[in-house]
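This report concerns only the one structure given below.
The values are calculated or read from the model by the stated rules, or taken from the named source; none is laboratory data. Quick caveat, the model's predicted, so the values are computed rather than measured. A quick note on method: Cβ atoms are made from the backbone with ideal geometry, for glycine too, and the neighbour counts reach across all protein chains shown.
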Amino acid sequence: MLRHLKNTNELILYASLSCGAAFLGRILPPFYFPILFLRLGIFIYCFFIIVKAEGNTELGIILGAAIFLGILGGYWDLIEIHLRYNLAQVASTITAVLVFVASTLVILYQLRGNGSKTN
Amino acid sequence: MEAKLTKQKPLFIGLSCLSVGCLIGSFAYPLQKLELYRQTERGQFDTIYTKTYLITENDLNYPYGFQKTKARKFAQIHVDYKIQKILLLALAAGCSISALLIGNETVPLSELESEIASIKAQAKKELTLKGIKHRFALASKSQQLLFLDEMKALMDEFGSSEQEILEADEINALYSEAEADETTEEAQEEEQPEDSFRAQFPAQMDETAWKAILKALTSGATKHEIIKDVLTCSDLTIGGAYIDYLKGKYL
């Protein structure tokens, strides 16, 4: 039980750093894109090198979840305002993104040959 | 050490919970002052739609398509909570760091007993497994010994078959000698008329010569041509005798 609390503390630490970076990106717009790319870079590094190459899934999951929490918390109030006053545009953007992602996945799946199909 | 543990455990749990609460608390309330504008626009096919623009206090410029004369402000956030949110974030980070520093000492100590119990249980399982393996090994060994005892008794009763095997071997040897004598006699009888062409065509080349002759026969060569081309023999009688001998041998 205490071990899980220790993991939670690590998560909170990294998430607070990520949230602070999001606040910085909003308050100082010139920092928005550098912080975004740094975040994406850490996320990709986290998945491919820490999880896949080194095999340290625990650290990888903590870092990935922390980055996600940071993004979520850093833009929470902005998301609330958009949902309250600009719901139509938010809904259309989400639909477009989902359709794009789904079509990409379908195309990739077809190109790979429906998983492992044996004739 | 146990007194330290009892003091530090609630502190560790309290700090962890506080850090979680502070982080989630920093998500709430707006960060910056902003204004919301609505602007009606005319589209391509004379359609009218309203576009919403969000302009924060930190924006460097108006958004694209925004016309200050046409847009109407309909909402505004005029109180922001920058300082409070950043302080809460810093508090969350500080609490988690201190909790981690305490936890490095506390966690292994508190879970020591459970670790010991788990090791004991594993050792018990391994012991029972080893006991079962040992019993099975003993059973199989005892079965082997019983079988050997029974075998010994049977051998004593019926005797071994070595004598019979020796007699059978002798008879087999006698028979094989008789056969060998017969074949050598036959070979000697056959060798006499073969002397005429054996000088030129030794026995080793019988097979290869026969294959070449067969090939020539299937391609339609005459006996004369075979003797001249395949066997390259000048004497026709010797070549003819050799061909006849090979025909008798292989056909």
Inset, instruction - Please tell me if residue B:31 is in a loop (DSSP other than H, G, I, E, B) and within 30 Å of residue B:99 (Cα to Cα). - result: yes
Legend entry - Residue within the range B:118-136 that is closer than 30 Å to residue A:1 by Cα and surrounded by 11 or more Cβ atoms within 10 Å (Cβ to Cβ) present: yes
Inset, instruction - Return a yes/no flag: does the range B:76-86 have any residue that is aliphatic (A, V, I, L, M), over 30 Å from residue B:113 (Cβ atoms), within 13 Å of chain A (Cβ to nearest Cβ) and exposed (fewer than 14 other Cβ atoms within 10 Å of the Cβ). - result: yes
Inset, instruction - Looking only at the range B:6-37, count how many residues are out of contact with any helix residue (DSSP H, G or I) (no Cβ under 9 Å at 6 or more places or on another chain) and over 18 Å from residue A:2 (Cβ atoms). - result: 3
Inset, instruction - Filter the range A:10-68 for residues that are within 14 Å of chain B (Cβ to nearest Cβ), of a type in the set (Val, Ile, Thr) and over 19 Å from residue A:79 (Cα atoms) and give the result. - result: A:12, A:62
Inset, instruction - Go through (1) farther than 17 Å from residue B:89 by Cβ; (2) buried (at least 18 other Cβ atoms within 10 Å of the Cβ) one by one and return the number of the condition residue A:69 breaks. - result: (1)
Inset, instruction - Can you work out which of the residues in the range B:171-212 that are modelled with pLDDT of 75 or more and among the β-branched types (Val, Ile, Thr) is farthest from the chain's Cα centre (by Cα)? - result: B:171
Inset, instruction - Being in contact (Cβ under 8 Å) with a residue 24 or more places away in the chain and within 14 Å of residue A:11 (Cβ to Cβ) is the filter here, so list the residues in the range B:94-103 that pass it. - result: B:95, B:96, B:99, B:103
Inset, instruction - Kindly indicate which of A:61, A:71 is within 19 Å of the chain's Cα centre (by Cα), assigned to a helix (DSSP H, G or I) and more than 24 Å from residue B:30 (Cβ to Cβ). - result: A:61
Inset, instruction - Identify, from the list A:88, A:96, A:21, the residue that is within 20 Å of residue B:20 (Cα to Cα) and out of contact with any strand residue (DSSP E or B) (no Cβ under 7 Å at 6 or more places or on another chain). - result: A:21
